[in-house]
There are 2 protein chains.
Amino acid sequence: MTLIDTHIHSEGRSVEDLRHMAENGIKKAITCAFYPIRPGFPETLIDLARKLTEFEPERGRKAGMEIHSAIGIHPRCIPPDWQRVLDFIESYSGYVAIGEVGLEDGSDEEREVLKAQLQLAKKLDIPAIIHTPRKNKEAILEKTLEILDAVSFPEELALIDHNSVGTVRVVLEKGYWAGITVQPGKLSVGEAVMIIEEFGDDRLIANSDTGFSESDMLAVRKLHDACGNERVVRKNAERFFKI
Amino acid sequence: MTLIDTHIHSEGRSVEDLRHMAENGIKKAITCAFYPIRPGFPETLIDLARKLTEFEPERGRKAGMEIHSAIGIHPRCIPPDWQRVLDFIESYSGYVAIGEVGLEDGSDEEREVLKAQLQLAKKLDIPAIIHTPRKNKEAILEKTLEILDAVSFPEELALIDHNSVGTVRVVLEKGYWAGITVQPGKLSVGEAVMIIEEFGDDRLIANSDTGFSESDMLAVRKLHDACGNERVVRKNAERFFKI
């Protein structure tokens with residue numbers, strides 16, 4: 001059995017944790033860029049991108065897990081002179097997506113940074129993992145969708161993540177892929193199963209968002225055990241990320 | 001029971017791991033600066049120092065562990081324009097030591113960076129955690145001692161770490177503190193006990209070096225269980241680091 005956890009922060013997990021995930025079938029994962037304090041410099045995120053594409057996959061291999069990387073600027077980690085990070089990403093390779101990006105509060109700066117990153121992903125023709133926040137999820141999602149529209153972002157390249165039961169419909173109706181994050185504080189296994197039953201498994205992709213905080217590393221496995229669906233825990237991720 | 005692990009890389013451990021350590025008595029630790037790829041920029045190490053003094057202690061609190069920080073430039077992580085990192089450290093506060101610093105191969109650049117960091121620690125009157133490498137430990141220790149001599153580094157501020165059975169004597173005879181790292185590939189619990197029995201517990205300080213690689217998080221607890229010595233697993237660390 002190979003399950004894919006499409007949104008983790010492997011940096012927050014020990015190598016023993018990654019092995020525990022792999023031994024429970026989660027043999028592939030995508031680790032997403034995030035810096036747990038607001039960085040003072042764009043260079044920090046450039047070295048982070050190098051760390052995520054060089055060191056974390058190596059640590060994954062030691063644990064029996066194939067780790068792919070998403071690099072970019074999370075809305076809570078916008079450094080000064082952030083365009084430098086984007087210039088680096090454009091010149092770089094070895095990652096499968098831009099992410100995680102998105103809006104947290106929806107400030108002008110956040111919207112500008114998201115827009116620039118979506119334009120870059122479109123230009124590079126690679127997927128974007130787009131975060132939605134815990135607070136004001138529906139209102140912030142609306143602002144996010146406006147930016148996707150404004151840059152005519154290709155639907156097949158957008159994974160809008162951390163959906164609630166209430167946001168899945170609009171994401172799928174707009175033609176995007178919808179991430180369902182099974183984690184305390186986000187979706188329970190039961191809610192995720194309900195979403196799959198109600199909306200079908202065509203463009204749903206599961207993840208745990210496990211990382212720096214206490215979290216359930218085996219969430220994707222538990223979802224698989226509960227519903228037996230192969231698309232949401234593997235096949236859709238293979239297709240969307242080409243992994 | 002409170003044990004102190006004086007050399008960890010908490011970044012490589014999940015919050016659940018830190019709680020596991022705390023629940024086993026390791027309620028205080030010092031997390032040491034290290035970047036797992038060679039950083040391309042000094043700014044990366046400046047933000048790392050901020051992360052180690054802001055975010056990691058907060059993560060420790062959530063796990064029931066008091067985390068203190070050592071900041072500096074590890075010999076495997078020397079960025080270009082490294083003096084900028086030292087200028088930042090001099091202007092900064094909230095850390096208990098410069099570390100980990102030291103020599104890995106003993107190159108001219110490594111020696112220059114170590115010397116500058118020792119001069120800074122001396123000027124600031126704070127302890128330095130000084131790494132010794134796995135390879136050529138005795139020869140590299142000799143070069144390290146030469147630099148300590150050259151800057152007239154105060155003996156009571158130097159903790160020379162990762163000693164082998166063969167290096168403890170010279171470190172103690174020179175008047176420095178000696179770190180004993182209990183970890184597969186470094187010292188076994190039995191070897192550490194032997195060192196304590198042979199050299200006394202006056203200036204020995206235990207640690208695990210647990211971090212990014214697979215490692216025994218409970219090493220300091222196991223040493224305590226094996227020998228019952230309170231100085232090596234707590235009291236000496238309180239005195240040396242003033243924690």
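Coordinate-derived values only; no laboratory data. Being a predicted model, the structure only gives us computed values, none of them experimental. Note that each Cβ is placed from the backbone with ideal geometry, even for glycine, and that neighbours are counted across all protein chains shown.
Couple of notes before you dig in:
- Per-residue ellipticity at 222 nm, computed for chain A from helices alone with -39500 (n - 2.57) per DSSP H run of at least four residues, works out to -12000 deg cm²/dmol.
- Label point 7 Å beyond Cα along the C-beta direction, distances from A:A226 to other copies (nm, shortest first): 4.5
- For the rotational copies A and B, the chain A residue with its Cβ nearest the relating axis, together with that separation in Å, is A:E43, 2.
- The calculated FRET efficiency for the pair B:V170 and A:D105, based on their C-beta separation and a Förster distance of 56 Å, comes to about 0.45.
- Applying the Karplus relation 6.51 cos²θ - 1.76 cosθ + 1.60 with θ = phi - 60° to the range B:4-14 yields 3J(HN,Hα) values of 10, 9, 8, 8, 10, 10, 4, 4, x, 10, 6 Hz, where x marks Gly and Pro.
- Within chain B, longest stretch clear of exposed trypsin sites (Lys or Arg not before Pro) (DSSP loop, no more than 11 other Cβ within 10 Å): B:1-133
- Per-residue average of Cβ from other chains inside 10 Å of B:40-50: 6
- The range B:137-181 - percent relative contact order, Cα under 8 Å, separation 6 or more: 39
- Residue-wise HN-Hα couplings along the range A:76-92, as the Karplus relation 6.51 cos²θ - 1.76 cosθ + 1.60 with θ = phi - 60° gives them from phi, are 8, 10, 7, x, x, 6, 5, 4, 4, 5, 5, 4, 5, 4, 5, 8, 9 Hz; Gly and Pro carry x.
- Estimated distance in nm for a label pair at B:H20 and A:E197, the labels positioned 7 Å out from Cα along Cα-to-Cβ: 3.6
- Calculated from backbone phi, Karplus (6.51, -1.76, 1.60) coupling profile of the range A:95-111 in Hz, x at Gly/Pro: 10, 9, 7, 8, x, 7, 10, x, 10, 9, 9, x, 5, 4, 4, 4, 5
- Using a cutoff of 8 angstrom between alpha carbon atoms and counting only pairs six or more residues apart, the relative contact order for chain B works out to 20 percent.
- Measuring against 21 Å, Cα to Cα, the residue pairs A:K28/A:K51; A:K28/A:K235; A:K27/A:K242; A:K123/A:K242; A:K51/A:K135; A:K122/A:K242 contain A:K51/A:K135 as the ones spanning a longer distance.
- Average Cα contact separation per residue, the range B:191-236, under 8 Å, 6 or more apart, as relative contact order %: 46
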